[in-house]
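Here is the structure we will look at, set down as structure tokens.
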Amino acid sequence: MRLEHKKAIVTGGAGGIGRATAMALAAEGAEVAVVDLNGEAADAVVAEIRDAGFRAIGVQADVSSEADIERVVATTVAEFGGVDVVFNNAGIIRRTTAVETSAEEWDRVFGVNVRSIFLMCKHVVPIMAAAGGGSIINTGSGWGLKGGGRAISYCASKGAVVNMTRALAIDHGPQGIRVNSVNPGDVNTGMLRDEAQQLGEDTAAFLAEAADRPLRRMGEPREIAAAVVWLASDESSYVTGSALVVDGGGIA
Ligand code: NAI
């Protein structure tokens, strides 16, 4: 058990990558707060974790709201007694160019993908610092490291996640807090299907294209979860400010 006695928060915990990671963290001994906009789906993940014999709570929240983030942190501390690990993973994508994107959509993507991480860190870092440290993992994207077509707000937001991660690592390393980003390539979740729909493309063809990389397949959520568990655990004790790419070779 690599995470025994650790208390973790996972945002977007009802989605593909979040669910797999919440399960994986719990299986390594962590108590997990599963946070999602979709409270019912979060509760279903909590039920799965509890059925497997582990401890979890569900918290419905919009991660772009400061009041909601404060409630998430307070609830986790009240239930578990602290916070050692945060996986800032909730995210949305809009498959539009700059010309096609409204200012409101731009702000929403940045609210969910970027502001959320700032808010979570603002409220959780003092708790981690008082306890002597912690590990924060932020979900970036291959598209946060290089450009991608028709996803202007998403690419900009994920680039911000990668560099915000480095800045957080510099500021809070002296307090024993490690901050890293995990950057997936195409992963088999609802987001890919949502993208196909937004682009008006055939889902099967879109998914087949996602497999066009050296390892000849898209990723599975558990493969991102494994990287997050490693970054959360003491096995990565000298790793901070890094952008770990988990993409089957797509960036190369
Ligand atoms: P998903 O759509 O399955 O999960 C996203 C979850 O975030 C959903 O459960 C959704 O309800 C939740 N969420 C959305 N807005 C929220 C809000 N305002 N507050 C709280 N929760 C909210 O998608 P997936 O693939 O699991 O995405 C997880 C992360 O991985 C995202 O940040 C995404 O950008 C990133 N990512 C995904 C890739 C993929 O190919 N699936 C590739 C690279 C990055």
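Since every read-out is calculated from the coordinates, none of them should be taken as a lab result. No experiment lies behind these values; they were computed from the predicted model shown. Cβ coordinates were reconstructed from backbone atoms using ideal geometry, including for glycine residues, and neighbour counts include every protein chain displayed.
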Which residues, taken from region 111-162, are more than 14 Å from the ligand (Cβ to nearest atom) and either touching a residue at least 60 places away in the same chain (Cβ under 8 Å) or touching a strand residue (DSSP E or B) at 6+ places or on another chain (Cβ under 9 Å) (or both)? Cys121, Val124, Val125, Ile127, Met128, Ala129, Gly133, Gly134, Ser135, Ile136
Does region 225-252 hold any residues that are under 26 Å from Asp171 (Cα atoms) and among the β-branched types (Val, Ile, Thr), and which are they? Val228, Val229, Val239, Thr240, Val245, Val246
Do we find that Val182 is touching a residue at least 24 places away in the same chain (Cβ under 8 Å), within 11 Å of the ligand (Cβ to nearest atom) and in a strand (DSSP E or B) in this structure? yes
Among the residues of region 61-77, is any in contact (Cβ under 8 Å) with a residue 60 or more places away in the chain, within 15 Å of the ligand (Cβ to nearest atom) and among the charged types (D, E, K, R)? no
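Suppose we filter Thr75, Thr101 for residues that are over 19 Å from the mean Cα position of the chain (by Cα), hydroxyl-bearing (Ser, Thr, Tyr) and under 30 Å from Gly147 (Cα atoms); which single one remains? Write out each step before concluding.
On the way: Thr75 fails: under 30 Å from Gly147 (Cα atoms).
Of the residues listed, the single one that is over 19 Å from the mean Cα position of the chain (by Cα), hydroxyl-bearing (Ser, Thr, Tyr) and under 30 Å from Gly147 (Cα atoms) is Thr101.
Against the condition more than 10 Å from the ligand (Cβ to nearest atom) and either farther than 30 Å from Val124 by Cβ or out of contact with any Gly (no Cβ under 6 Å at 6 or more places or on another chain) (or both), how does Glu195 come out, does it pass? It would help to see each step written out before you state the result.
Values: more than 10 Å from the ligand (Cβ to nearest atom): no; either farther than 30 Å from Val124 by Cβ or out of contact with any Gly (no Cβ under 6 Å at 6 or more places or on another chain) (or both): yes.
For Glu195, the condition - more than 10 Å from the ligand (Cβ to nearest atom) and either farther than 30 Å from Val124 by Cβ or out of contact with any Gly (no Cβ under 6 Å at 6 or more places or on another chain) (or both) - is not met.
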So which residues in region 206-247 are within 14 Å of the ligand (Cβ to nearest atom), assigned to a loop (DSSP other than H, G, I, E, B) and small (Gly, Ala, Ser), if there are any at all? Ala211
Pick from region 45-87 the residues that are of a type in the set (Ser, Thr, Tyr) and more than 17 Å from Glu4 (Cα to Cα): which of them is surrounded by the most Cβ atoms within 10 Å (Cβ to Cβ)? Ser64
